[in-house]
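Written below as C-alpha cells is the structure these notes are about.
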Amino acid sequence: MTQDWNELRNRWRESTPAQQPEDFKMQQALAKANRFDTWIDTRNRAQWLALLALLCVGALLFRDDRIAGALLCAAAVGKALILWRSGGVAPDPSPEASLRDFRAALAEKFDRQIRFLRLSRTFVTIAFAGALIPIGSSLWRALQTGGETTQKVTALAILAAAWVYLSVIRQRQELQRLAEQRDDLLEALGAQD
Amino acid sequence: MPEQVDLEERFRRLTEEYGAGLRRLAAAYEPDAAARQDLLQEIAAAVWTALPRFRGDSGERTWIYRIAHNVASTARFRARRRQSREVAWDGGEQPAGPENPESRLQQRQRRTALTEALRRLPTLDFQIAMLHLEELSNAEIADVVGLQPGAVATRLTRIRHKLADDIQNQGGSR
C-alpha cells in the first residue's frame, strides 16, 4: 500500500501545471475584486437614488391622495431599509478558518440571508398589495375626470408598483439561488461527519 | 511604506514556495484552464488580503492551504450551480516530459487517472487526499480541515484503498 501511495504521490507531482505569467499577480487579482466591489457600490447607490426620487415624486404628486401617497412612501422606505440591511450583510467568513468551521460559518450566513430575504419579501408583498387598492381607485377617478395631472400621477404610481412587483420576483430568484447554495454546502458538510 | 514592501516580499516568497502546490490544487478543483486561472487569482487575492493578519499562530503551510481550499471549495460550489461544462483536464500545460510520444501518452493517462479518481471522492476526502499528496503530516491536515489527527489517519487509510482500487479499475477498463 505504501508503494502504491508513493506511486500516487509521484503522479501527483508530475501533474503540476506549468506556471503561467498570470499566476499570483496580486495586482490583477485585487483590481478584479475592486472592480466587482465598485460595481456593487454603484448599483446600490443607483437604487438609493431611485428610491429617493420615488419618495420625492410620491410626496409631491400624491398630495391629493394621502392614502396612496403614504402607502407608496411606505413601500419605498421599506425597500430602502431592505437595501440598507442587504448592504450591511456580513462578508464571507475568513478563509483562514479550518475547512469545517469555514463551511459551517458560510452555511450559517446563507441561513441568515434566507431568513432576511423571506421577511423582506413578505413586507414588500404586503406593501404592494396595499398600494394596489388606492392606485386602482386613483386610476378609476383619473379615467372618469380626465384630469391630466391625475393621469400622470397614476401612471407614475403604476410604474412604482411594477417596480416593487419586479423586486419581489428578483427576491424570489435570489432566495432560490441562496437555498441551492446552502444545500450544496450542507451536502458537503454532511459528507464530513 | 516599508510594511508594504515587507508584505510584498512575504507574498512573493509564499507564492514561490507554494506556487507549484497551489497550481496542482487549482488543477484538481478546476478542470478548465481559464477557470483555473481565475481560481489561482482568487486564492492569491485571499492570501494577500489575509497576509497582514497572519501572526504565525499556525504553520505557514497549513495557513496557506486552509485559505486555498476554502476559496477553491467555494468556487467549486459556484461552478456546480452554474453546471458548467465539465472539461476533462488534458494536462495541456505540462512541463516538458519524455520525448517519446508513447511515453508521453502513458504519462498523461496516469495523471488523468489520478485526478479523475480524486474528483470522484467526497469533498472532504478529496481535500484530505490532496493535502496528504502535498506531504502534510496528519497533524497539519487535521489543523487545515478541523478534524482530530486520529480521524484524519482513519480516513486516509480508507481513501488510499479507495483511490488505489479506483485507479486500478480505470486501468483495467482501458
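The values are calculated or read from the model by the stated rules, or taken from the named source; none is laboratory data. Quick caveat: nothing in here was measured; it's all calculated off a predicted structure. With ideal geometry, Cβ positions are generated from the backbone for all residues, glycine too; neighbour counts draw on all protein chains shown.
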Checklist entry - Within the stretch B:52-75, restricting attention to residues that are surrounded by fewer than 18 Cβ atoms within 10 Å (Cβ to Cβ) and part of a helix (DSSP H, G or I), which residue is nearest to the other protein chains (Cβ to nearest Cβ)? => result B:Arg53
Checklist entry - Within the stretch B:116-169, which residues are without any contact (Cβ under 8 Å) to a residue 40 or more places away in the chain and not in a helix (DSSP H, G or I)? => result B:Pro122, B:Glu135, B:Ser137, B:Gly146, B:Leu147, B:Gln148
Checklist outcome for this item: Restricting attention to the stretch B:12-33, the residues that are over 16 Å from the mean Cα position of the chain (by Cα) and either facing chain A (nearest Cβ under 10 Å) or among the acidic types (Asp, Glu) (or both) number exactly 1
Next on the checklist: Cβ-Cβ distance below 6 Å, separation of 6 or more or different chains: which pairs start in the stretch A:94-113 with a residue that is among the aromatic types (Phe, Trp, Tyr) and end on one that is part of a loop (DSSP other than H, G, I, E, B)?
Outcome noted: A:Phe102/A:Pro93
Item to check | Cross-chain or 6+ apart pairs with Cβ under 6 Å, the stretch A:10-25 first and modelled with pLDDT under 75, then part of a loop (DSSP other than H, G, I, E, B) | outcome: A:Ala18/B:Glu93; A:Ala18/B:Pro95
